[in-house]
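K.L.:
Below is the structure I would like to discuss, written out as C-alpha cells.
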Amino acid sequence: MKKIAIFASGSGSNAENIINYFSENKEINFSFIICNKSEAFVHERAKRLNVPSYTFKKSEFENGEVLTLLKKEGVDLIVLAGFLLKVPENILKAYPHRIINIHPALLPKYGGKGMYGIHVHEAVVTEGEKESGITIHYVNENYDEGQIIFQAKCEVFPDDSPETVAEKVHALEYKHFPEEIGKIIEKI
C-alpha cells in the first residue's frame with residue numbers, strides 16, 4: 001500500500017477531490033492532511049472524509065517536526081494541493097521527486113511567490129493571454145520551478161473575467177490532478 005500525505009492551506013477542494021477519486025482504491029491510503037492554518041476549511045473536509053488533519057506552524061516545518069511525522073507514518077508521496085508555504089530543505093531532501101504540486105497557470109508563466117489563486121487569473125486576464133491552464137510539477141527549493149510533469153490548457157476569451165478563468169482552471173485541476181497522481185504513485 002502506498003501512503004500519501006496532502007499539504008493544503010485553504011478550502012481543500014482539490015484535496016477532497018483527490019481523496020474521493022481514490023476512495024475505492026485499496027492500494028492507496030491518505031495518511032493525513034497537513035495545513036499551516038488552523039481555521040482553514042480543509043480541516044472540515046478532512047473530518048467528513050475520515051482523514052486525520054494537523055496544523056503546523058512554519059517553524060515546525062523547518063525544525064523537523066513535520067518530517068518526523070512523515071517518516072513515522074511511512075509516507076511515500078507528498079501532494080501539495082493549494083499549499084502556500086515553501087517546502088523546507090529537510091523535507092525536499094528526504095523526498096526527492098516525491099513531492100508534487102499543481103499550479104493554476106501554464107508555467108513558467110505566472111509562477112513564483114505571491115502567484116496563487118485569483119492573483120494568477122487576474123494576471124492572465126490583465127496580460128490578455130489567449131490560454132491558461134494547469135501545471136503539475138515536482139517541487140524543488142524555488143516556487144513553481146520544479147520539473148514539469150503535466151500541463152493541460154483552456155482557452156481564455158477577451159470577455160473572460162478572472163473568475164471565469166478560475167472556473168475553467170478548476171475543472172482541469174479536478175480532472176487531471178488525481179489521474180496524474182495515480183500515474184506517479186504507480187512508479188514509486
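K.L.:
Given only helices, namely DSSP H runs of n ≥ 4 each adding -39500 (n - 2.57), what is the per-residue ellipticity at 222 nm of the chain, to the nearest 500 deg cm²/dmol? Before the final figure, lay out each step's value.
P.N.:
Numbers: 7 runs with 71 residues, N = 188.
Per the formula, -11000 deg cm²/dmol.
K.L.:
So what's Rg/Rh here for segment 26-134, counting alpha carbon atoms and using the Kirkwood radius for Rh? Let's see the in-between values first.
P.N.:
On the way: Rg = 15.8 Å, Rh = 15.7 Å.
Computed over Cα atoms, the ratio is 1.01.
K.L.:
Cross-link partners among lysines for residue 175, C-alpha distance below 25 Å, same-chain residues fewer than 8 apart left out?
P.N.:
2, 3, 26, 47, 109, 130, 153, 183, 187
K.L.:
Can you check how the C-alpha radius of gyration of the chain compares to 2.2 N^0.38 Å, as a plain ratio?
P.N.:
On the way: Rg = 16.0 Å, N = 188, 2.2 N^0.38 = 16.1 Å.
Compared with the compact-globule rule of thumb, the chain sits at 0.99.
K.L.:
Expressed in nm to one decimal, what extension gain is obtained for the pair residue 179 and residue 90 from 0.36 nm per residue of sequence separation less their Cα-Cα distance?
P.N.:
Values: separation 89, 0.36 × 89 = 32.04 nm, distance 2.79 nm.
Net length gain for the segment: 29.2 nm.
K.L.:
Quick one: net charge of residue 44's neighbours, Cβ under 13 Å, K/R +1, D/E -1?
P.N.:
Working: positive: 37, 45, 47, 48; negative: 16, 39.
Once all neighbours under 13 Å are counted, the net charge is +2.
K.L.:
Would you tally the net charge around residue 89, using a Cβ to Cβ cut-off of less than 15 Å, leaving residue 89 out, and scoring K and R as +1, D and E as -1? Provide the component values of the computation, followed by the final result.
P.N.:
Values: positive: 58, 86, 93, 98; negative: 60, 62, 65, 141, 145.
Net local charge, residue 89 excluded: -1.
None of the figures in this text is laboratory data; all of them are computed from the coordinates on show. None of the values given here were measured: they were computed from a predicted structure. All Cβ positions, glycine included, derive from the backbone under ideal geometry; neighbour counts span all protein chains shown.
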